[in-house]
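Input: a single structure, listed below in structure tokens.
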Amino acid sequence: MPELDSPLRHAPDSSMLFGFWYRALPGDALEHGRLTKALLLETPLVLGRDSSGKPFALHDACPHRGMPLSAGWFNGKEVECNYHGWKFDAHTGQCRLIPSLTVDQNMKIDRIYAGSYPCEERDGYVWVFTPEPKPASAGFGKAAEAPMAAPRVPTFSEKYKLAYLRADMPVSVDHGIIGLMDPAHGPFVHQAWWWRRRESIHEKEKRFEPIPDGFRMSAHTPSSNSAPYKILRLYADADSITTTIDFVLPNIRVETIRAGKYWFSSLTTVTPITRNQSRIDVVACWNIFAWMPFGALLLKFVFAKFVEQDRRTMELQSEGLKHNPHLMLIDDADRPAKWYFALKAAHLDAKRTGTEAKNPLSGPVTLRWRS
Ligand code: FES
Ligand SMILES: [Fe+2]
């Protein structure tokens, strides 16, 4: 039965997935000797860099009486609370000093911990691993290691350029993500005189396949109206250009475009900040335009324009979403959105039952739409 007859009615619950790495801040937002606040999955964090430059992330509440540690001081090694001066190791959160203790009060302060999180810097971003939250009464101990490495942008040569963009979006992570994978909004949202007009809409057909925790738009020649394609077309034959786009839980979109020795890749994430706020971060790497002094700027301009168009759209959409309407997801244009919700549900189900998550794609599928 063609599913077009039975659109999926759905009101996303905007749940946030714990147990993954998330982008917290661009690395250049962290200055030596300074403490910086960030919010991820409704978890308040304080971040900084130790004297060797390595970033750290602590829970932004002192285990003593809840003062934000971000209001305290940092000596390059320990964070000091500004209320009663307790000191904590910046990386492990282990307590190092309680100034109010007298010499004969031998309390075992090394058993006290401020919350700490695995923290890694990758491709100009500081990533934080956010484990499943424990009941508040459990307090904090030594943080467990992350079970997997923080994601990276794929690169295909030793030398390349890198740029990033970010935008806050007043919608939940679910709307941010399905907006990111939506193939049908291009002709309406991303119009520009130098880019494409609404009339350029045409029929497309793409193959998708399952990958662990996600799905892939299989290698294909990119659409003639996609941005990187137009740029790479200056370098290589149209039919030597191939692109793949992966979506992987919880929030990762990786696009790779290759044309002989030239390549362009990007890793985009939509990070839940609160239940109704998210942030999009795009990091792009490429080895084209090396000869062109303004190449990076030009590419950044193009991407900034796209991200701003998406941001503005979601800002408007958030008005309509205030009353949590049911969505009507149709085939095939909204099928990736349906897969996303199915992946998320399967992940949560598998975690609850301790079984393996079932991928909503049992094999390759071809989708068709006009955009
Ligand atoms: S609240 Fe932090 S030392 Fe007391
Ligand atoms: Fe878009």
Just to be sure I follow the definition: excluding the sites themselves, where is the longest run in the chain that has none of the trypsin sites (Lys or Arg not before Pro) in a DSSP loop with at most 16 other Cβ atoms within 10 Å? 276-321
What 222 nm value per residue comes from the helices of the chain, counting each DSSP H run with n ≥ 4 as -39,500 (n - 2.57) and dividing by all residues, nearest 500 deg cm²/dmol? -5500 deg cm²/dmol
Can you spot the aspartates and glutamates whose alpha carbon is less than 17 Å from LYS87's alpha carbon? Ignore those fewer than 8 places along the same chain. ASP50, ASP60, GLU78, ASP110
Which one of ALA304, PRO170, HIS323 is farthest out on the positive end of the charge dipole of the chain, using unit charges on Cβ (Lys, Arg +1; Asp, Glu -1) and the Cα centre as origin? ALA304
Counting Lys and Arg as +1 and Asp and Glu as -1, each charge on the Cβ, what is the dipole of segment 235-361 about the Cα centre in debye, to the nearest 20? 420 debye
Report the relative contact order of segment 287-366, percent, no decimals, based on alpha-carbon pairs under 8 angstrom and at least 6 residues apart. 15 percent
Calculate how steeply helix 295-321 sits against the longest principal axis of the alpha-carbon atoms of the chain, using the helix alpha-carbon long axis, and give the answer as 0 to 90 degrees to the nearest 10. 80 degrees
Can you compute the equivalent ellipsoid semi-axes for segment 1-124, i.e. the square root of 5 times each eigenvalue of the Cα gyration tensor, sorted largest first and rounded to whole Å? 38, 18, 11
Largest-first ellipsoid semi-axes for the chain, taking √(5λ) over the Cα gyration tensor eigenvalues, angstrom: 41, 25, 18
If I measure Cβ to Cβ between cysteines in the chain, which ones have no partner under 4.7 Å? CYS95, CYS119, CYS285
Out-of-range pairs (alpha-carbon distance over 28 Å; input LYS77/LYS142; LYS77/LYS108; LYS77/LYS159): LYS77/LYS159
Against the longest alpha carbon principal axis of the chain, how many degrees, from 0 to 90 and to the nearest 10, is the axis of helix 335-353 turned? 40 degrees
So if a site counts as exposed when it's one of the GluC sites (Glu not before Pro), its DSSP state isn't H, G, I, E or B, and it has at most 10 other Cβ atoms within 10 Å, what's the longest stretch of the chain without one? 159-355
Averaging sequence separations of C-alpha pairs under 8 Å and six or more residues apart, then dividing by the length of the chain, give the relative contact order as a whole percent. 19 percent
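Coordinate-derived values only; no laboratory data. The structure displayed is predicted, hence computed values, not measured ones. Heads up, the Cβs are rebuilt from the backbone with ideal geometry, glycines too, and the neighbour counts pull from every protein chain shown.
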